[in-house]
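A.B. asks: Right, I'll just put the structure down here and ask away after.
Every read-out reported here was derived from the displayed coordinates using simple, explicitly stated rules and does not represent laboratory data. The structure presented is a predicted model; accordingly, all values stated were derived computationally and were not measured. Neighbour counts are summed over all protein chains in view; Cβ atoms, including those assigned to glycine, are modelled from backbone coordinates with ideal geometry.
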Amino acid sequence: MKNLIAFLSLSLLLAANANASGLKQYQVSITNATAHHVFTPTLIATHGSAFNLFKVGQAASEGLVVQAETGDPSLLLAETQSQAEVFDTLIGTFIAYGQTASFMITAPRKARLSLTAMLATTNDGFVALDNVALPRHSATYYAYAYDAGSEDNNEDCAYIPGPPCAADSGNARDTNSEGFVSLHNGIHGQASLEPKDLDWHGPVAIITITRVHH
């Protein structure tokens, strides 16, 4: 009996230690806070503190350029998964203005989280959360729009895939651009887009991360 009690106690201790050092689950809820923009499928990644999906003032990776111009996150996903600092990744869904979508992702304790999605009615604009701490319980972040710096913000539907532009638009590419990631300066009505509908000020998304306890 003593041996059995000792064995059970040791098993419980090992299980507790494994749980403490194992992967935790987190729910990531993204609310599109814009009036008329659609977010394309979101790339979400958990990772160590040394990893960044992008850095303001530096050139975007080719994967981020493709996502920010076309909405396709597949190349950025491949780039992200190839990094040793990355623990888990997922691709979300389209999120219309005023809507919220939730996703589950895993990470060890003290990990970080980043995400990106295109604002579909821009040349190369994307909403992002970069390298934020995963909470012990729950945390809410306000996410801003960035410019990938890979295409001129000409606001011409020939270069823009999202509504009100036609579904087959957005295939052209104008590389007369800044060349580095910066905060996006909004919509100014240069060509096809109406600022009264599509401009924004301040954050474009509200993101809540909640640790799921079992």
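A.B. asks: Given (1) over 14 Å from the mean Cα position of the chain (by Cα); (2) more than 20 Å from residue 196 (Cα to Cα); (3) crowded, with 19+ Cβ neighbours inside 10 Å, where does residue 155 come up short, assuming only one miss?
C.D. replies: Failed condition: (2).
A.B. asks: Determine, yes or no, whether residue 126 is surrounded by fewer than 19 Cβ atoms within 10 Å (Cβ to Cβ), within 20 Å of residue 38 (Cα to Cα) and of a type outside the set (Gly, Ala, Ser).
C.D. replies: no
A.B. asks: Name the residues in segment 36-75 that are more than 20 Å from residue 105 (Cβ to Cβ), surrounded by fewer than 16 Cβ atoms within 10 Å (Cβ to Cβ) and of a type in the set (Gly, Ala, Ser), would you?
C.D. replies: Within segment 36-75, 57 is the sole residue that qualifies.
A.B. asks: Return yes or no: is residue 156 of a type in the set (Asp, Glu) and in contact (Cβ under 8 Å) with a residue 40 or more places away in the chain?
C.D. replies: No: the conditions fail for residue 156.
A.B. asks: Does residue 116 meet the test of being in contact with a Phe, Trp or Tyr (Cβ under 7 Å, 6 or more places away or on another chain) and either buried (at least 22 other Cβ atoms within 10 Å of the Cβ) or of a type in the set (A, V, I, L, M) (or both)? Break it down into steps so the answer makes sense when it comes.
C.D. replies: Details: in contact with a Phe, Trp or Tyr (Cβ under 7 Å, 6 or more places away or on another chain): yes; either buried (at least 22 other Cβ atoms within 10 Å of the Cβ) or of a type in the set (A, V, I, L, M) (or both): yes.
Against the criterion (in contact with a Phe, Trp or Tyr (Cβ under 7 Å, 6 or more places away or on another chain) and either buried (at least 22 other Cβ atoms within 10 Å of the Cβ) or of a type in the set (A, V, I, L, M) (or both)), residue 116 qualifies.
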